[in-house]
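The values are calculated or read from the model by the stated rules, or taken from the named source; none is laboratory data. This one's a predicted model, so the numbers in the text were calculated from it and none came from an experiment. Backbone-built Cβ (ideal geometry, glycine too); neighbour counts: all protein chains shown.
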Amino acid sequence: MIESLLVANRGEIARRIIRTAHRLGVRTVAVHSEADSGLPFVAEADQAICVGPANPAQSYRNAEAILAAAEASGARAVHPGYGFLSENAEFARTVEAAGLIWVGPGADAIEAMGDKINARNLMAAAGVPVAAGTTEPAVHVDVALAAAATIGYPVMVKAAAGGGGMGMAVAADDAALRAEFDKVRAFAERMFGDGSVLIERYFPRVRHVEVQILGWRAADGSHRVVALGERECSVQRRNQKLVEESPSPAITDELRRELLAAAVRAGVAVDYRNAGTVECLLDPTTGEFFFLEMNTRLQVEHPVTELVYGVDLVEEQLRVAAGLEPTFDPDALTPRGHAIELRINAEDPKRFLPGPGAITAWSEPVGDGVRVDAGYAAGMTVTPFYDSLMAKLIVSGADRAEAIARARVAVADFELAGPKCNLPFFAELLDHPEFVSGDYDTGIVGRMR
């Protein structure tokens, strides 16, 4: 096992990685910005090093400062968490060039899947279903218009290098496409340094379902990729997830077998190692699914898979990175029960606008099947410099009905005051007939508002 680990992230995910590392006897090093010096993950690491001011570009995305911290601390491995540098192929290569272990997939896989157009083409070649769309960047609006004429409106206009629900717009006709094309391209150039645009079929009613995969090099030298079930991620605002659950209430046993097999083919196609997620769109009317993207890192919502499959995905990541095989039998993976994750954000529960501030009260719920992965505590301040995620409330039960019932109680028992908070939204959602029925799609939040 890895002896010492630098966690190149912050908040709840840094704290969560540190927790597993300590259970395994791994010494941990936290890097943090000046704004985060008082957060729990900093205090809980064996060593903490400030890598810059609040601006992420000068701290959590400062590869030079992070590598200097690894050298100064004697850390032998780097876990990037999610966001920041987690899907930066150049950073992964730099980490390995420094003689450190990168806890993630190979840089080539990150690079191959980082461009949405290239990823679509690779997946299509591997026999993974993809929605109708462009196979080359739409370099001019006339190219986009021609593609839309072939695909049929409405279409999705996407930043090819984007992620996290950013750099996306829907166009219902030529006029809308002309307007959105320039906006998306400008946004992509500003945010990702790449103005490439993808035109793809848009589904007015669709579900967002993803598959957790894990890849490794087995003792016999063979490459193994397994799928640890699917997660339903259709409760979203601004194309960004708020709730995830596993298993998906929309998936039949036959469809599940097809979906998981496709995800494994996706991983094999890029020689994928470590944890990753294959995201798909599911047409609830036809039962067809289409590849959306691959996230070459640990997902925010990984705990629901952990609870359903009884595994610690961070431990599996560390083992695979160290050249060890997983703790579980890949041929005997058995899901049990149901799990739901709610993202507790510092945001208005009606319009979902950020509302950072000092936390004056914080009391986490407890009970059977209740888990809280938190990045904050009472007396701390949620600053405006980073994502608004404060904690993840994860509940599990023998079935979906029990998980929902426990979630209702946990939401009511979660005391949080100071910043704006979306707990009232979850209380409403968990009683909403559409969500309770399981027959919902990515438009559910809009219909609730």
Do we have any residue at all in segment 326-337 that's assigned to a helix (DSSP H, G or I) and either over 22 Å from the mean Cα position of the chain (by Cα) or of a type in the set (F, W, Y) (or both)?
no
Only one residue in A57, A65, A89, A45 is surrounded by fewer than 23 Cβ atoms within 10 Å (Cβ to Cβ) and closer than 21 Å to S4 by Cα. Which one?
A65
Strands (runs of 3 or more DSSP E) wholly inside segment 357-418 that include at least 3 residues being of a type outside the set (S, T, Y) and over 27 Å from E34 (Cβ atoms):
389-397
Selection count, segment 338-354, where residues are in contact with a Ser or Thr (Cβ under 8 Å, 6 or more places away or on another chain) and part of a loop (DSSP other than H, G, I, E, B)
1
Boolean, A126 is touching a residue at least 40 places away in the same chain (Cβ under 8 Å) and surrounded by fewer than 19 Cβ atoms within 10 Å (Cβ to Cβ)
yes
For residues that are free of Cβ contacts under 8 Å to residues at least 60 places away in the same chain and crowded, with 21+ Cβ neighbours inside 10 Å, scanning just segment 17-35, find the one that is nearest to the chain's Cα centre (by Cα).
I18
If I ask for residues that are among the aromatic types (F, W, Y) and closer than 14 Å to P249 by Cβ, which ones from segment 424-449 would you list?
F435, Y440
Go through the residues of segment 253-274 one by one and say whether even a single one is part of a strand (DSSP E or B), buried (at least 18 other Cβ atoms within 10 Å of the Cβ) and among the small types (G, A, S).
no
Qualifying position, being within 30 Å of N118 (Cβ to Cβ), outside the structural domain of G38 (by TED's automatic domain parsing) and not in a strand (DSSP E or B), among V278, V320, V308:
V320
For segment 69-90, which residues satisfy the criterion of being among the small types (G, A, S) and more than 10 Å from N9 (Cβ to Cβ)?
A69, A70, A72, S73, G74, A75, A77, A89
Does any residue of segment 279-299 turn out to be aliphatic (A, V, I, L, M), within 21 Å of S396 (Cα to Cα), surrounded by fewer than 20 Cβ atoms within 10 Å (Cβ to Cβ) and in contact (Cβ under 8 Å) with a residue 24 or more places away in the chain?
no
Taking segment 196-235 as the search range and keeping residues that are over 30 Å from A144 (Cβ atoms) and among the charged types (D, E, K, R), which one is modelled with the lowest pLDDT?
D220
Looking only at residues that are touching a helix residue (DSSP H, G or I) at 6+ places or on another chain (Cβ under 7 Å) and under 24 Å from D173 (Cα atoms) in segment 197-234, which one is surrounded by the fewest Cβ atoms within 10 Å (Cβ to Cβ)?
R201
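So that you can scan it fast, the table gives a plain yes or no per residue for (1) small (G, A, S); (2) in a helix (DSSP H, G or I):
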| position | (1), (2) |
| --- | --- |
| I2 | no, no |
| R19 | no, yes |
| T28 | no, no |
| V31 | no, no |
| A35 | yes, yes |
| G38 | yes, no |
| V42 | no, yes |
| I49 | no, no |
| A57 | yes, yes |
Taking only pairs six or more apart or across chains, which ones have beta-carbon atoms under 8 Å, a first residue in segment 214-231 that is assigned by TED's automatic domain parsing to the domain that holds I340, and a second residue that is in a loop (DSSP other than H, G, I, E, B) and basic (K, R)?
G215/R273; W216/R273; R217/R273; H223/R273
In segment 151-180, which residues are within 20 Å of L292 (Cβ to Cβ) and part of a helix (DSSP H, G or I)?
I151, E180
Return a yes/no flag: does segment 328-350 have any residue that is surrounded by fewer than 18 Cβ atoms within 10 Å (Cβ to Cβ), under 20 Å from A427 (Cβ atoms) and without any contact (Cβ under 8 Å) to a residue 40 or more places away in the chain.
no
Is at least one residue of segment 264-274 farther than 20 Å from S396 by Cα, aromatic (F, W, Y) and out of contact with any helix residue (DSSP H, G or I) (no Cβ under 9 Å at 6 or more places or on another chain)?
no
